[in-house]
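Report on one structure; see the data block that follows.
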Amino acid sequence: MLSWLKPSPLLTESEQQWLLDAFLWAFEHFDADYFRNHSRLVQPSNEFFQGQSSSTEQMAAQVFAQVKAHSGLQNWPIQLLGPGQMPEQQFPLMRFSGALRGEQAHCVEHSHAIFVSYNPQQINQPQDLIASYAQAFARIMIYQRGVLPPGGEAMIGAATEVVASFFGFGVMFSNTVYQFRGGCGKCYNPYANRASELSEQQHVFLLALFCFIKGEKQGTAHLKGHLRSYYKKAHKIISTQANHSPNPMLLSLLSKEQV
């Protein structure tokens, strides 16, 4: 009778388990050393996105280069093209030495470059632009490695968002799942919004997981206000997982201080 008084769970058990499995899959296949030693929580701030631009094209190029660097893909043969310039392309064969991501990654063999474009409608919604670039880079990395996520090929769309959060872009992904129309709707541009496979709650869970593992204390600094209660719930769930999980890989991923 009083069940309606109980707080609703953040995620179902199956959702939570898939997100944990997918994050661990990303850790296993997409350069765990870089994640441990160099990945940072990327914030929509001047600390991470600097520079002034005088045109749409210049801003798109600046953000592209910065997202690429924050992803650790600065040495990958990925190039930006303007809207309407994208050719049909096949994924090239690439071989790296030194590492997969970061300054130590060297692409010693590739048949051709990979091209990425952008939605000019997102220039006035920079968090959507940042998330869209990160999502494109995550998809490129998945295909380069040739490893399917938990759930197989049907889950690649959702897995690209997990990998992008693994890169450190969880704040932008959480903030851009849903865009409020505003009072009169005049400033709302549906064509600028990012299409999301995962829900706000799922993205906030991934953000909290990244922050918990990395010991990051600023997870909510730039998070939308209504998402902060989700973050608090997610952090509590993950703390419980850290203390009671039977998964040895999950436990090895957490720092000794957190466990």
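The values are calculated or read from the model by the stated rules, or taken from the named source; none is laboratory data. Just so it is clear, the structure is predicted and the values come from calculations on it, not from any experiment. Positions of Cβ are backbone-derived with ideal geometry, glycine not excepted, and every protein chain shown enters the neighbour counts. The area values use the complete protein model at the heavy-atom level, side chains included, leaving out ligands, DNA and RNA. Shrake-Rupley method; radii C 1.70, N 1.55, O 1.52, S 1.80 Å.
Key figures
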item	result
Over the chain: helical MRE at 222 nm, DSSP H runs n ≥ 4 each giving -39500 (n - 2.57), nearest 500	-13500 deg cm²/dmol
Nonlocal amide H pairs with Ile78, under 5 Å, H built at 1.01 Å	Ile114
Dimensionless Rg ratio for the stretch 6-80, taking C-alpha atoms and the 2.2 N^0.38 Å reference	1.52
Percent of Cα pairs exceeding the 25 Å cut-off, where the set is the chain	45 percent
The stretch 5-148 - Debye-derived log10 I(q)/I(0), Cα point model, q = 0.15 Å⁻¹	-0.88
Contour minus Cα-Cα distance for Glu197 and His106 (0.36 nm per residue)	29.6 nm
Mean Cβ neighbour count within 10 Å, used as a protection proxy, ranking 27-38, 215-226, 161-172, 48-59 highest first	161-172, 27-38, 215-226, 48-59
Probe 1.4 Å, protein heavy atoms only - accessible area per residue of the stretch 41-87 in square angstrom	49 Å²
Residues His29 and Lys236, FRET efficiency given R0 of 22 Å [Cβ-Cβ distance, rounded to 0.05]	0.15
Overall form of the stretch 49-114 per C-alpha gyration tensor (a/c, 1.5; a/b vs b/c)	oblate
Where Cα atoms sit under 26 Å apart: lysine pairs in the chain separated by 8 or more or lying on different chains	23
Where labels lie 7 Å past Cα in the beta-carbon direction, separation of Ser45 and His226 in nm	2.5 nm
